1. Separation between the Lys67 and Ser45 pseudo-spin-labels, each 7 Å from Cα along Cα→Cβ, expressed in nm?
2. Kindly put Lys73, Lys67 in sequence by how many other C-beta atoms sit within 10 Å of each C-beta, fewest to most.
3. When the C-alpha atoms of the range 29-98 are aligned to their principal axes, what extent does each axis show, in angstrom, from largest down?
4. Report the label-to-label distance for Glu56 and Arg33 in nanometres (one decimal), using points 7 Å from each Cα along the Cα→Cβ vector.
5. Using Cβ contacts closer than 10 Å as the measure, can you line up Val48, Val88 from fewest to most?
6. Fewest Cβ neighbours within 10 Å first, please rank Val43, Val72 accordingly.
Amino acid sequence: MTTKHLVAASAASLIVLTACAPTSRRSNSEIIRQVEAAGSGPVESASVQSLFSWFEQHTHLANQINKQCEGVKKTAPATWGDSAEGRVCEAASETALRHYEP
């Protein structure tokens, strides 16, 4: 191979590796934006239990978020529950059950 071919092969490899590299899984969910704007802090890596504890101090918001989640759940893929939005919705649902607001 010539130097020209090696440079082209290296550039192609770099592009492929960059495209396959893990990226931030930051969600653009409106539900997540609302919860974070209310002061939860970043929820991307928060557990359901920590979110539940936070929602226990914000029960009105938990009820609002739970209502929004009901619509999202209907069309969500099987892995949605493992996502940040899924965990937020699970915690909101548990809190809303304990602190129901009509």
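1. In this crude spin-label approximation the distance works out to 3.4 nm.
2. Lys67, Lys73
3. Reported extents, whole Å, longest axis first: 29, 23, 20.
4. Once both label points are built, they end up 3.1 nm from each other.
5. Least crowded to most crowded, the residues run Val48, Val88.
6. Result, fewest neighbours first: Val72, Val43.
Coordinate-derived values only; no laboratory data. What you are looking at is a predicted structure, and each value in this text was computed from that prediction instead of being measured. We place every Cβ from the backbone using ideal geometry, glycine too, and count neighbours over all the protein chains shown.
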